[in-house]
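Some notes on the structure that comes next.
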Amino acid sequence: MSQGMTPMCSLRSIQKTSSREQKFWQVRQCHLWKKNKKMKYLFLLFLMNLLHQHAGKSLRRDGSSLKSFEGIKNEMAVYTNIAKAIIDLAVHGKAQNRSYERLAVFADTIGPRLSGSKNLEAAIKYMFSALQKDGLENVHLEPVKVPHWERGEEFAVMLEPRNHSIAILGLGNSIATPPQGITAEVMVVASFDELHKRAQEAKGKIVVYNEPFISYGETVQYRVRGAVEAAKVGAVASLIRSIASFSIHSPHTGGQSYQPDVPRIPTACISVEDAEMMSRMSLRGTKIVVHLKMGAKTYPDSLSFNTVAEIVGSKYPEQVVLVSGHLDSWDVGQGAMDDGGGAFISWEALSLIKDLGLRPKRTLRLVLWTGEEQGGVGARQYYELHKENISKFDIVMESDEGTFRPSGLGFAGSAEARDIVREIMTLLQPINVTDVYDTAEGTDIAYWMRDGVPG
């Protein structure tokens, strides 16, 4: 995720935590969430509804328009009362706090949902049943093969210059250390450039990255590429400072990627505090020795599912407006923010429309992705399965940057489409959610946006 988008600050760098900090942040954010009833889903919900209730085929990827813009504006104005009804139901009516309560039950019941795990299977079954009970249409599962990795036992301890327990969290898809672990001297670097300049010093060492946190989108490259770059210069393991502004002795997990032509080495995240401490020691010329042991295992890919539900369009049922979030999570927290919140506000979008007895012109399709944390595995397979019908997808949407008070919508599309979206967003003036930002990012919708579908 990128933190560069103003509409919703990313919690990706906070969410990937060990249980202690996870509890602290989730309690804090849930209090904020309840306090700000407007924040949870409205900007997503209304846009999803309004886009295919009244935007027409004007969001075409070839840049053509079936209606004049003035005609579109006039059509939008007709839906002011419908928008108000949705707002009233979500903020003041029976749906007030509903998505929060649904998510709380789900997270408490299922817990972590790592790709390939029994918990993820249970989560998918739970949601399949819940969507059916909610009265949504065409509820079904689409099979996907997902990675199955388990972290196993893991620990690290500094042996020199003093004995100190280092909190670590193995990164997704990391290999294990040898059974006896790895004991090696540490080399601390602040950047890939520094690593390459000092490449001759790295052989046989554990590379510790103490990269400064700039933003999630910019700094996450150290988590994703850290092991590969360290292995290229002969390191035996890599430890990456957690991709966050602070971590309170709690490291943050996440995905990382190996390269076929580069040796695989164990890799984990450490806390900001430990990375800073080892950096200070290193700058003084102090020798640092660390013992690292990781028992991670990778199993054959497992069968999983993308979970799909719809409200079928009344006039153009073959045309699709897609709204989505992902069900899987990492294993060291509940996944309530990443991405339980995004998944459940996407579900709420359909629930609000159904509860009001509205029937959009185009089909509103909810997709709850699987295997997102492993690089958008479920979304990629969904794209491969459905891309032959790409002309039927009018817009694709995803919520996976945290569920906070919204200020607007990030959008990627043509200038013409952006003008239409801005007009749609004026319908959200009653809750002051009207901004349209210049970019849209999302692991699960990136495939469609690369092919020109507005996102």
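The values are calculated or read from the model by the stated rules, or taken from the named source; none is laboratory data. Being a predicted model, the structure only gives us computed values, none of them experimental. All Cβ positions, even for glycine, are placed from backbone atoms using ideal geometry, and neighbour counts span all protein chains on display. Heads up: the accessible areas ignore ligands, DNA and RNA and are worked out on the full protein's heavy atoms, side chains in. Shrake-Rupley method; radii C 1.70, N 1.55, O 1.52, S 1.80 Å.
Against the condition under 29 Å from Ser174 (Cβ atoms) and open to solvent by 30 Å² or more (accessible area, probe 1.4 Å), how does Asp338 come out, does it pass? Criteria not met by Asp338.
I'd like to check something: does the range 280-287 contain any residue that is open to solvent by less than 10 Å² (accessible area, probe 1.4 Å) and at pLDDT 95 or above? No: the range 280-287 contains no residue that is open to solvent by less than 10 Å² (accessible area, probe 1.4 Å) and at pLDDT 95 or above. Filtering the range 194-218 to residues that are touching a residue at least 40 places away in the same chain (Cβ under 8 Å) and within 25 Å of Val236 (Cβ to Cβ) leaves Ile206, Val208, Tyr209, Asn210.
Quick check: anything in the range 98-109 open to solvent by 20 Å² or more (accessible area, probe 1.4 Å) and either in contact with a strand residue (DSSP E or B) (Cβ under 9 Å, 6 or more places away or on another chain) or assigned to a loop (DSSP other than H, G, I, E, B) (or both)?
Residues of the range 98-109 open to solvent by 20 Å² or more (accessible area, probe 1.4 Å): 98, 100-102, 104-105, 108-109.
Within this subset, residues satisfying the condition of being either in contact with a strand residue (DSSP E or B) (Cβ under 9 Å, 6 or more places away or on another chain) or assigned to a loop (DSSP other than H, G, I, E, B) (or both) are none.
No, because not a single residue in the range 98-109 is open to solvent by 20 Å² or more (accessible area, probe 1.4 Å) and either in contact with a strand residue (DSSP E or B) (Cβ under 9 Å, 6 or more places away or on another chain) or assigned to a loop (DSSP other than H, G, I, E, B) (or both).
One line per residue, one yes/no per condition, for (1) buried (at least 24 other Cβ atoms within 10 Å of the Cβ); (2) among the polar types (S, T, N, Q):
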position: Lys361; (1), (2): no, no
position: Glu373; (1), (2): yes, no
position: Arg380; (1), (2): no, no
position: Asp394; (1), (2): yes, no
position: Ser399; (1), (2): yes, yes
position: Gly410; (1), (2): no, no
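Going by the conditions given, is Ser279 assigned by the TED database to the domain that holds Arg223, of a type outside the set (Lys, Arg) and not in a strand (DSSP E or B)? Criteria met by Ser279.
Condition check for Ile248 on (1) touching an Asp or Glu at 6+ places or on another chain (Cβ under 8 Å); (2) buried (at least 20 other Cβ atoms within 10 Å of the Cβ); (3) of a type in the set (Val, Ile, Thr): one failure, at (2). Can we say Gly455 is crowded, with 16+ Cβ neighbours inside 10 Å and part of a loop (DSSP other than H, G, I, E, B)? For Gly455, the condition - crowded, with 16+ Cβ neighbours inside 10 Å and part of a loop (DSSP other than H, G, I, E, B) - is met. The number of residues in the range 188-228 that are open to solvent by less than 10 Å² (accessible area, probe 1.4 Å) and in a helix (DSSP H, G or I) comes to 7.
Of the strands (runs of 3 or more DSSP E) that lie entirely inside the range 352-415, those containing 1 or more residues that are touching a His at 6+ places or on another chain (Cβ under 9 Å) span 362-369, 393-398. Figure legend. Inter-residue proximity from the range 170-191: first residues under 12 Å from Val236 (Cβ atoms), second residues of a type in the set (D, E, K, R), beta-carbon distance below 6 Å, spacing 6+ or different chains. Indicated pairs: Ile175/Arg264; Thr177/Lys293; Gly181/Lys293; Ala184/Lys205; Glu185/Lys205; Met187/Glu201; Met187/Lys205.
Could you run through the range 112-146 and say how many residues are in a loop (DSSP other than H, G, I, E, B) and polar (S, T, N, Q)?
Residues that pass the stated criteria total 2.
Selection of first residues in the range 417-429 that are assigned by the TED database to the domain that holds Asp88 and over 12 Å from Phe69 (Cα atoms) and of second residues that are part of a helix (DSSP H, G or I) and of a type in the set (Phe, Trp, Tyr), restricted to Cβ pairs under 7 Å at least 6 apart or on distinct chains, gives the following pairs, ordered by first then second residue: Leu427/Phe46; Leu428/Phe43; Leu428/Phe46. All conditions in (1) over 23 Å from Asp394 (Cβ atoms); (2) open to solvent by less than 40 Å² (accessible area, probe 1.4 Å); (3) in contact with a Gly (Cβ under 9 Å, 6 or more places away or on another chain) hold for Ala95, with the sole exception of (3). Among the residues of the range 182-217, the ones that are within 23 Å of Ser245 (Cα to Cα) and in contact with a Gly (Cβ under 8 Å, 6 or more places away or on another chain) come to 4 in all. Among the residues that make up the range 304-313, is at least one of them of a type in the set (S, T, N, Q) and open to solvent by 10 Å² or more (accessible area, probe 1.4 Å)? No, the range 304-313 contains no residue that is of a type in the set (S, T, N, Q) and open to solvent by 10 Å² or more (accessible area, probe 1.4 Å).
Of the residues in the range 343-352, none is under 30 Å from Ser257 (Cα atoms), assigned by the TED database to the domain that holds Val78, open to solvent by less than 30 Å² (accessible area, probe 1.4 Å) and of a type in the set (D, E, K, R). Among the criteria (1) open to solvent by less than 70 Å² (accessible area, probe 1.4 Å); (2) not in a helix (DSSP H, G or I), the one Asp274 does not fulfil is (2). Scanning the range 125-156 for residues that are over 18 Å from Ser329 (Cβ atoms) and either open to solvent by less than 30 Å² (accessible area, probe 1.4 Å) or within 22 Å of the chain's Cα centre (by Cα) (or both) gives Leu131, Asp134, Leu136, Val139, Leu141, Glu142, Pro143, Lys145, Ala156. Just one of (1) in contact (Cβ under 8 Å) with a residue 12 or more places away in the chain; (2) out of contact with any helix residue (DSSP H, G or I) (no Cβ under 6 Å at 6 or more places or on another chain); (3) surrounded by fewer than 21 Cβ atoms within 10 Å (Cβ to Cβ) fails for Ala231. It is (3).
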